[in-house]
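Report on one structure; see the data block that follows.
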Amino acid sequence: MSLGASALYSIISIIARLTDTRPLSEQSATLNGSQSPREWLDFSYQFLGIFFALFAVALVLYLLWLPGQSPFRRLGFDFTEPGHDLLRGFGLVLVIGIPGLGLYLAGRSLGFTVAIVPSPLDTFWWTIPILVLSALRSALVEELIVVGYLFTRLRELGWSTWTIIVSSALLRGSYHFYQGIGPFFGNAAMGVLFGWCYLRWGRTMPLVIAHWILDIVSFVGYPLALTWWPGLLAPAA
């Protein structure tokens, strides 16, 4: 319904990109592009896209509900350990953020990653709030479904620990295929780390925090980064 469908579309996208006459280095992918030239329509489409995507998260929480057991508690997505969650989340940002940027820049220079445009260059008063909400949407959808829900169900089916971790990581990588070969491997590696941390901590909250911060930095900081590395970050003309 959500990320599984995204993975299929993404796989088709990478096939289309690889069979295109232009190399990957000359292609681009836009994450939060404008959806209408009229400001109020653009805002409406962006907001509704975020709002309706969260219904998949609500469904997951409903499916995990048991009498006397909160689904939030089952996934470790609550505020019972705020200090530990923040420290772990910021720790994951440091572990993932710098190597992830390095992998992306390496992929661009080597030609197996498309130019990713995470945010529009033209801004309105609502642009940054929408980008922050978009980052939160991605964090909630990916971590609560691909880690929390999937791990819970696969453990109930008797899957082994590393089979679950690798399967979840490959799913995470697959729906990023539209960005190129490099992002597939980068996100799969992130999935392995996040999966291992979830099994160790039993909480998705640190993963959501880390993912949210990473996407906020990527979305909001893109115009600044573009001025620093225009040759690697600029979209194809």
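Name every residue in region 132-150 that is more than 13 Å from L214 (Cβ to Cβ) and touching a Phe, Trp or Tyr at 6+ places or on another chain (Cβ under 6 Å), in order of residue number.
The one that is more than 13 Å from L214 (Cβ to Cβ) and touching a Phe, Trp or Tyr at 6+ places or on another chain (Cβ under 6 Å): V147.
Within region 112-123, can one find any residue that is in a helix (DSSP H, G or I) and either open to solvent by 50 Å² or more (accessible area, probe 1.4 Å) or of a type outside the set (S, T, N, Q) (or both)?
No - not one qualifying residue is present in region 112-123.
Do the conditions hold for A58, that is, is it under 22 Å from the mean Cα position of the chain (by Cα) and without any contact (Cβ under 8 Å) to a residue 40 or more places away in the chain?
yes
May I ask you to verify whether V117 is touching a residue at least 40 places away in the same chain (Cβ under 8 Å) and out of contact with any helix residue (DSSP H, G or I) (no Cβ under 7 Å at 6 or more places or on another chain)?
For V117, the condition - touching a residue at least 40 places away in the same chain (Cβ under 8 Å) and out of contact with any helix residue (DSSP H, G or I) (no Cβ under 7 Å at 6 or more places or on another chain) - is met.
When you scan region 1-91 for helices (runs of 4 or more DSSP H) that lie fully inside it, which ones turn up with 2 or more residues that are open to solvent by less than 30 Å² (accessible area, probe 1.4 Å), farther than 18 Å from L133 by Cβ and out of contact with any Ser or Thr (no Cβ under 6 Å at 6 or more places or on another chain)?
Correct list: 3-18, 39-63.
Starting from region 180-206, keep only residues that are at positive phi, then list their pairs with residues that are of a type in the set (D, E, K, R) whose Cβ atoms are within a distance under 9 Å, requiring at least 6 positions of separation or different chains.
Listed by first residue and then by second, the contacts come to G180/R17; G180/R108.
Of all residues in region 4-35 being among the hydroxyl-bearing types (S, T, Y) and under 23 Å from S138 (Cβ atoms), which is nearest to the chain's Cα centre (by Cα)?
S6
Name the residues in region 143-154 that are open to solvent by less than 20 Å² (accessible area, probe 1.4 Å) and under 15 Å from the mean Cα position of the chain (by Cα), would you?
Across region 143-154, the qualifying residues are E143, L144, V146, V147, G148.
Here's a check for you: in region 155-202, which residue that is charged (D, E, K, R) and surrounded by fewer than 21 Cβ atoms within 10 Å (Cβ to Cβ) is nearest to the chain's Cα centre (by Cα)?
R200
Any residue in region 32-49 that's under 19 Å from D215 (Cβ atoms) and free of Cβ contacts under 8 Å to residues at least 40 places away in the same chain: show its pairings with residues that are of a type in the set (S, T, N, Q) and assigned to a helix (DSSP H, G or I) at Cβ separation under 8 Å, as long as the two are six or more apart or on different chains.
Once the first residue is under 19 Å from D215 (Cβ atoms) and free of Cβ contacts under 8 Å to residues at least 40 places away in the same chain and sits in region 32-49, its partners that are of a type in the set (S, T, N, Q) and assigned to a helix (DSSP H, G or I) give Q35/Q46.
The values are calculated or read from the model by the stated rules, or taken from the named source; none is laboratory data. Note that the structure is a prediction, hence the values are computed from the model and not measured. When we count neighbours, we look across all protein chains shown, and the Cβ atoms used for this are built from the backbone with ideal geometry, even at glycine. When the accessible area is computed, the model is the full protein with side chains, heavy atoms only, and any ligands, DNA or RNA have been set aside. Shrake-Rupley method; radii C 1.70, N 1.55, O 1.52, S 1.80 Å.
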